[in-house]
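Reading through the structure tokens given below for one structure.
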Amino acid sequence: MEKEKILELYDIHKTFSMDTNPLNDKKALRGVSLTIYEGDFVSVIGSNGSGKSTLLNCIAGRFPIEEGSIILNGRELRKDSEEKRAKYIARVFQDPLEGTIASMSLFENLSIASRRGERQSPLRWALSKKKEVAFAELLKSLNLGLENRLNSPMGTFSGGQRQSITLLMATLKKPELLLLDEHTAALDPKTARTVMELTNQMVREHNIPTLMITHNMKDAIAYGNRLIMMNEGKIIFEAEGEEKKNLKVQDLIDKFNALGEGTLSDSQILAN
Amino acid sequence: MILSSSTSIQNFFFAPLPNGVIFALLVIGVFLSFRILDVADLSVEGIIPLTTVVTAILIHQGINCFVALLISAFIGLATGLLNSLLTVYLKIPALLSGIIMMAANFGLSIVFMSLNGGVATFAMSAHLTAFNWLGNGLKVAGLSSYYANYLSYIIVGGAILALIAFALYFFFGTELGMSIRAAGKNKHMSRANGIQVKGMFMIGLSISGALVGIAGSLYAQHNGFGYSTDGTGMIVVGLSSLFLGELIFGQKSFKRGLLASIVGSFLYWYIIQVLMLIDTNGYLLNFYKAILLVVVILLGHLVKHVTVKINNKKNRMRMTQEGERETIQSPSEMLQENFSHFVLGAERKRS
């Protein structure tokens, strides 16, 4: 039986112009096509500068694309602004400081995320007792002891807590697509594992189609049902299901090495 | 002798009140631009002279003082809106666009003055202002003109200030108000949550401008005239007052920011009153104002430093009381636990 298509990318091109000289243009994406189906959890790997982050930002609308089309559940998003796409797409960034507002309270942050992409009324009070109870209940499920700290400023939480909260924020209003941009990379290994587990649990529980960039090849193999490898703005390898499960880190490293010298940084080899 | 010293003490307490209450609105405007939207908006220095001049001319022409007040608020709002458009659509940095609006408004105030024969004054005895309708009534009721005047400034000014402060407190607690605060603090997060960052910036700066416009109009109605140089040093007044207030209330929430703006404004004018005792001929006053701003900023750093220390101590105590809910690893502990991961962690952050 054919699975329902969620996100369809057709031949996406993105070039960054450094100056007026076209010779200095950096071609970040050179024709990326990808289809994500219902229930897909896709992990994306690739060396620095392979275009994986650019791809995510193009889908989210941070960068406009020159060519190609981005179709989410039948809607063409290419012309839509980042703010407009937020209605359907939720994101978690690499930097824990980026995904939340440090000077505002946990309650306020959650409240903003709970209305992602919706009209903001100038008359309706943003915080309510009803919301407080509901949020406390959800925070309890994270098991981080955050339910009593709704009124603490976000800046008083640790990086791991902030990423866990951002994940919760991304799923408060169920998105049609979840984009994770190396969201565990800035955390210490132990916390990264916890956040990764939480991610997996949330994605599976709410059945959210997800695209996750990671530097960690172990994570890329362990989590999700599909794996994509990018290099120089193109998708060069795809694996799914049984094939992906049987992949070894060494297989991936070999594939990288086959591309030529220096495409894989030492840090990525060290990671595994 | 005793009589004169008691009147001077009385003066010392009453004299800063009108300025305190009028400029509290300007300080709230500066708080909105500087703290909420995170831009140093210098257009303040242009809105004040333009609105004082316009108000004085309008009242002289026999226009109702509250209409003049509304027109001034609109001038401020339009300035804020134009200022934000320059930043958002023409990509002129906010500091520069503020300077542009400052110069433009200053220029307009000169135009209006010259069209009016080089002056912008009105006779307070002949025209009603926002303050003297009440002052006149109090005088009729038997109060001395000294108390009647000061009471009218405190009551009318205080009522307008309270009304605006409550309205702002409500507005910035609504969904839209919270989005404005979010957009000012973290653009990426706001966009990722569908908040129209550009629009929020425009609304915020317009509100800030309107508040400054109201302050300018009330200032003219208090003085009985407007002048092109009324705006000189107004951003220093606004920032100094705000920082003074924040020494007491901190920056934790919007409510505290509002309180800091209002209390800071009164504190500032009392300090100016003290400085005026030292500098009797007034030549050094503006110089003192600059030094005062530096001192207040330094005091702010000191307070922050001390509170961070106290908070750290509290946190440590709470951690040990609650047991190991969250293990905080020092870099050396992390190294011991997993060398390669630590090196990698550092690498990843850089990439």
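The values are calculated or read from the model by the stated rules, or taken from the named source; none is laboratory data. Keep in mind that what you see is a predicted model, and the values were worked out from it rather than measured. Cβ sites come from the backbone with ideal geometry, for glycine too, and all protein chains shown count toward neighbours.
What the table below lists for this structure:
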quantity	calculated
Strands (runs of 3 or more DSSP E) within the stretch A:161-264 that include 3 or more residues away from chain B (no Cβ under 12 Å)	A:210-213, A:226-231, A:234-240
Residues satisfying the stated conditions in the stretch B:219-253, i.e. part of a helix (DSSP H, G or I) and farther than 18 Å from residue B:28 by Cβ	B:220, B:221, B:223, B:228, B:229, B:230
Boolean, residue A:109 is touching a residue at least 24 places away in the same chain (Cβ under 8 Å), of a type in the set (S, T, N, Q) and surrounded by fewer than 17 Cβ atoms within 10 Å (Cβ to Cβ)	no
Residue B:273 farther than 30 Å from residue A:176 by Cα and not in a helix (DSSP H, G or I)	no
Selection from the stretch A:134-160 of residues that are within 12 Å of chain B (Cβ to nearest Cβ), outside any loop (DSSP other than H, G, I, E, B), farther than 16 Å from residue A:198 by Cα and in contact with a Leu (Cβ under 7 Å, 6 or more places away or on another chain)	A:154
Selection from the stretch B:127-137 of residues that are over 23 Å from residue B:49 (Cα atoms) and among the aliphatic types (A, V, I, L, M)	B:134
From A:84, A:14, residue being among the basic types (Lys, Arg), within 19 Å of residue B:191 (Cβ to Cβ) and crowded, with 22+ Cβ neighbours inside 10 Å	A:14
Among the candidates B:97, B:109, residue that is among the hydroxyl-bearing types (Ser, Thr, Tyr), free of Cβ contacts under 8 Å to residues at least 60 places away in the same chain and either within 30 Å of residue B:14 (Cβ to Cβ) or out of contact with any Gly (no Cβ under 9 Å at 6 or more places or on another chain) (or both)	B:97
Lone qualifier among A:2, A:98 - being in contact with a helix residue (DSSP H, G or I) (Cβ under 7 Å, 6 or more places away or on another chain), free of Cβ contacts under 8 Å to residues at least 12 places away in the same chain, surrounded by fewer than 21 Cβ atoms within 10 Å (Cβ to Cβ) and part of a loop (DSSP other than H, G, I, E, B)	A:98
Residue under evaluation residue B:146, criteria (1) surrounded by 22 or more Cβ atoms within 10 Å (Cβ to Cβ); (2) over 27 Å from the mean Cα position of the chain (by Cα); (3) of a type in the set (Phe, Trp, Tyr), criterion not met	(1)
Unique match (being over 17 Å from residue B:211 (Cβ atoms), of a type in the set (Ser, Thr, Tyr) and in a helix (DSSP H, G or I)) among B:33, B:8, B:72	B:8
Within the stretch B:37-53, tally of residues that are part of a helix (DSSP H, G or I) and surrounded by fewer than 24 Cβ atoms within 10 Å (Cβ to Cβ)	0
Test: residue B:209 is away from every other protein chain (no Cβ under 14 Å), buried (at least 24 other Cβ atoms within 10 Å of the Cβ) and more than 12 Å from the chain's Cα centre (by Cα)	no
Odd one out for residue B:164, checked against (1) modelled with pLDDT under 95; (2) more than 9 Å from chain A (Cβ to nearest Cβ)	(1)
Enumeration of residues in the stretch A:27-41 that are within 22 Å of residue A:82 (Cα to Cα) and either crowded, with 18+ Cβ neighbours inside 10 Å or within 14 Å of chain B (Cβ to nearest Cβ) (or both)	A:28, A:29, A:32, A:34, A:36
Enumeration of residues in the stretch A:113-133 that are within 7 Å of chain B (Cβ to nearest Cβ), in contact (Cβ under 8 Å) with a residue 24 or more places away in the chain and either part of a helix (DSSP H, G or I) or over 19 Å from residue A:87 (Cβ atoms) (or both)	A:113
Filtered residues of the stretch A:205-225 (kept if free of Cβ contacts under 8 Å to residues at least 24 places away in the same chain and not aliphatic (A, V, I, L, M))	A:205
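Here is a yes/no grid of residues against (1) of a type in the set (S, T, N, Q); (2) in contact with a Gly (Cβ under 8 Å, 6 or more places away or on another chain); (3) assigned to a helix (DSSP H, G or I):
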residue	(1), (2), (3)
B:142	no, no, no
B:146	no, no, yes
B:152	yes, yes, yes
B:169	no, no, yes
B:177	no, no, yes
B:184	no, yes, yes
